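Engineer: Dumping the structure here so I can ask a few things about it.
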Amino acid sequence: MIPAEVFLTFILMLSIFLGFELIHKVPATLHTPLMSGANAISGITVVGAISLAGTGQQDLANWLGAGAVALASINVVGGYMVTDRMLSMFKKKEG
Amino acid sequence: MDILIQFAYVVSGGLFIFGLKQLGSPATARRGNMVSAIAMLVAIVAALLDQGIVDFQWIVIGFVVGGAIGAGAARMVQMTSMPEMVALFNGFGGMASLLVGWASLAGATETFTLITIVLAILIGGLTFTGSLIAYGKLSETIGSGAVMFRGQQVVNSLIVLGILGSAVMFCIQPENPQWLYMVVGLSLVFGVMAVIPIGGADMPVVISLLNSYSGLAACAAGFAVNNNILIVAGSLVGASGIILTQIMCKAMNRSLSNVLFSGFGSGVQDTTEVEGEIKPIVVEDAFYILEAASSVAIIPGYGMAVAQAQHVVKELCELMEENGAEVNFGIHPVAGRMPGHMNVLLAEADVPYDQLLEMDDINPRMENVDVCIVIGANDVVNPAARENEGSPIYGMPVINVDQARTVFVLKRSMASGFAGIENPLFYKDNTRMLFGDAKESIGGLIREFS
C-alpha cells in the first residue's frame, strides 16, 4: 500500500506540469481573465473549509472553518462572476 | 458514499483542466470559465455530502456572506480597477487557506501533516498581507512608490529566520500554541515587508506572483486536510501564476529576484543624454496629420486607464477608420498594472480583440505606420531601452514607436515617468507632444473629425 503522502505528492507533481502545459500558450489578451479565473479556482479552499465548519462543535476550529468558507466564497463567486463579465466583452471584429 | 465523493472530485478535477484549456483561446474562453465554475460546483456539492458534517448552519452563513460580498464586488467593480480587485481576491484566498490550515491542526500529529499545515499558514498569511499592500498601492490608498529603508535586508532576514525557527519548533511541539502564533504573526508581517519595497510599475509581476501563491496556499491546505481536489486545483493556479510572473519579468528584462529585492532603478545611474527639443502640437494641427494618415497605431499605457480614456479612444478609432485609415493597437505585455490590463479596458470599449496586436506583431509593421499615438505610456516605448546601455531599462523589449513616420505622445506634462527615467522619444524629430488630459485631447480630436 502506497502511503498517502507519496500519493498526494505524486498528484501535486503531475498537476503542476499539467498547469504549465495548459497555460503557457495563453495569448496576452486573455491574461487578466486568466488571472481572475485562476483566482476563482484558488477558492477551492472552500471544499476543505466546509468539513471543518460543519463539525457542529462550538470550538475554535469550527469558527476558523466558517471564516474560511466565507472568505473562499468571496473568491469563488466574485472570481467567476467578474471573469464572465470581462469575457463577455471580448469580441471579434465582425465580418 | 465516501467513494462517490472521491470520484466526484475526480470529475471536478477533469472539468477544471478542461475549463482552463478552453480559457486559453478568446473564442472559447467564456465557455471555459463556465466549465471551471461547474467544476467548482461539483466539488462543493461533493464536499457537502461528507457524512462528517452534522451542522450546516455555519457553512450556509459563510456561503451567503462571502457570496454576497463577492457578487457585489464583481458587479460594481470598474474595469480600470480590476488590478486592485484581483489583488484583494488573492488575499482572501490566501487568508482562507491560512484558516483551513489552522483549523485542521486539531488532531494532527504526523510530522508530514504538521509541515503542510505550517506551509498553508505561511503561504496563506504572506499572500494575505502582501495582497492587501498590493491593493493599497494599486488603489493609491497608500503611496505606490517603493518603500526602502536602511537595514531592510537585515530585518527581512531576521523575519525569515524567525519564521523558520518557529516553524521547526511548531512541528516539534504542536501542542504549544505559542509557536503557532509566532508563525501566523511573522508570516503576516513578512507579507507586508515583501511587497512594500516594490514600486507601482512592477505591480504586474507582484500580482501574478501573489496569484500563484494563493494557489500554492490552497495546495498546502489540501495536504493538510488530505484532499486531492485542493491539490489539483491549487497547483493549476500556482502554475498559471508562475507562468504569468515569468512572462512579466521577461517583458521587463529583469529577473524575479531583481524585481522582488531591489527597488527599481536603484544602483543604476541614468546616463541617458537627450538631444533635440520638445515639439508641442495643438489639437488642430494633430488633426490635419491624422486626417492624412492611412495607417495609425495606438499604444496605450497606464495613463489611459487613469484618464478613463478607453471609450473616447474607441470613438476616435472608428472615425479614423471611416476616414479610410487602418488602425491597430500595440499592447506591451507590462502596459498597465496587471497582465492584460489594457486588453480588458479596450474590450470594455468594444474594441475587437483581433485589432489588439502584441509587441512582437506590431514592431515589424512600425516602419509603415504613418502616425503612432502613444496614450499614457512611457517606459514601454522608451527607445533608450534599445539604444543606450546606460539606461536603467536597457535591454527591456519596447514598442519601437520612434520608427513610425510621426509619433504623437499624449501626456499630462513633462514630468518623468516611473523612477524618473529620461525618455529620448520625446525629443526625437518625428515626435510631437500633445499635452493635457488624454481624454480631453482625444475628445478635441473627435470634435475636429466630426
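No value in this document is a laboratory result; all are computed from the given coordinates. Since the structure is predicted, the reported quantities are computational estimates derived from the model, not experimental observations. Cβ sites come from the backbone with ideal geometry, for glycine too, and all protein chains shown count toward neighbours.
Engineer: Kirkwood hydrodynamic radius, computed over distinct alpha-carbon pairs, for chain A: how many Å, to one decimal?
Structural biologist: Roughly 16.1 Å, rounded to one decimal.
Engineer: Multiply the residue gap between B:ASP2 and B:GLN57 by 0.36 nm, knock off their C-alpha separation, and tell me the result in nm, one decimal place.
Structural biologist: The B:ASP2-B:GLN57 span can extend by a further 17.6 nm.
Engineer: Here's another thing I want to ask about it. If we restrict to alpha carbons, what Rg and Dmax does the stretch B:283-449 come to, in Å?
Structural biologist: Values for the stretch B:283-449 (Cα only, Rg and Dmax): 14.4, 44 Å.
Engineer: Let me know the mean shielding of B:332-342 by other chains, meaning the per-residue number of their Cβ atoms within 10 Å of its Cβ.
Structural biologist: 3
Engineer: Using only the alpha-carbon atoms of the stretch B:120-265, report the extent along each of the three principal axes, biggest first, to the nearest angstrom.
Structural biologist: Reported extents, whole Å, longest axis first: 46, 37, 27.
Engineer: Further, regarding this structure: Running Debye on the stretch B:22-112 with equal point scatterers at the Cα sites and no solvent, what base-10 log of I(q)/I(0) appears at q = 0.11, 0.15, 0.21, 0.25 Å⁻¹?
Structural biologist: -0.50, -0.89, -1.36, -1.42
Engineer: Given a 10 angstrom Cα cut-off, can you work out which residue in B:VAL45, B:VAL189, B:VAL86 is the most mobile in a GNM of chain B?
Structural biologist: Per the Cα network of chain B with a 10 Å cutoff, B:VAL45 tops the list.
Engineer: I'd like to know how the protein assembly as shown sits against the 2.2 N^0.38 Å rule of thumb: what's its Cα Rg over that expected value?
Structural biologist: This ratio for the protein assembly as shown stands at 1.02.
Engineer: What is the angle, in °, between the Cα long axis of helix B:177-195 and the longest principal axis of the Cα atoms in chain B? Nearest 10 is fine, range 0 to 90.
Structural biologist: 10 degrees
Engineer: When N counts the residues of the stretch B:134-179, how does its alpha-carbon radius of gyration compare numerically with 2.2 N^0.38 Å, as a ratio?
Structural biologist: Compactness ratio reported: 1.73.
Engineer: Continuing with this model, one more query. Please report, in whole Å³, the volume per residue of the convex hull around the C-alpha atoms of chain B.
Structural biologist: Looking at chain B, the number lands at 145 Å³ per residue.
Engineer: Could you pull out every residue, at least 5 positions away or on a different chain, whose amide H is within less than 5 Å of the one on B:GLY330? Hs are placed 1.01 Å off N in the peptide plane, and Pro or chain starts have none.
Structural biologist: Residues meeting the criterion, in which the H sits 1.01 Å from N, are B:ILE298, B:ILE299, B:LEU357.
Engineer: Please determine, in degrees from 0 to 90 and to the nearest 10, the orientation of helix B:2-22 with respect to the longest principal axis defined by the Cα atoms of chain B, where the helix direction is its Cα long axis.
Structural biologist: So the inclination is approximately 10 degrees.
Engineer: Next question, about the same structure. If you rank B:CYS219, B:CYS171 by fewest surrounding Cβ atoms within 10 Å, what's the result?
Structural biologist: The order, fewest Cβ neighbours first, is B:CYS171, B:CYS219.
Engineer: Determine Rg/Rh for the stretch A:33-87; Rg is computed over alpha-carbon atoms and Rh is the Kirkwood hydrodynamic estimate from the same atoms.
Structural biologist: Taking Rg over the Kirkwood Rh, I get 1.13.
Engineer: Further question: Exposure proxy check: B:TYR213, B:TYR353, B:TYR135, B:TYR427 ranked by fewest other beta carbons within 10 Å?
Structural biologist: Placing the least packed residue first, the sequence is B:TYR427, B:TYR353, B:TYR135, B:TYR213.
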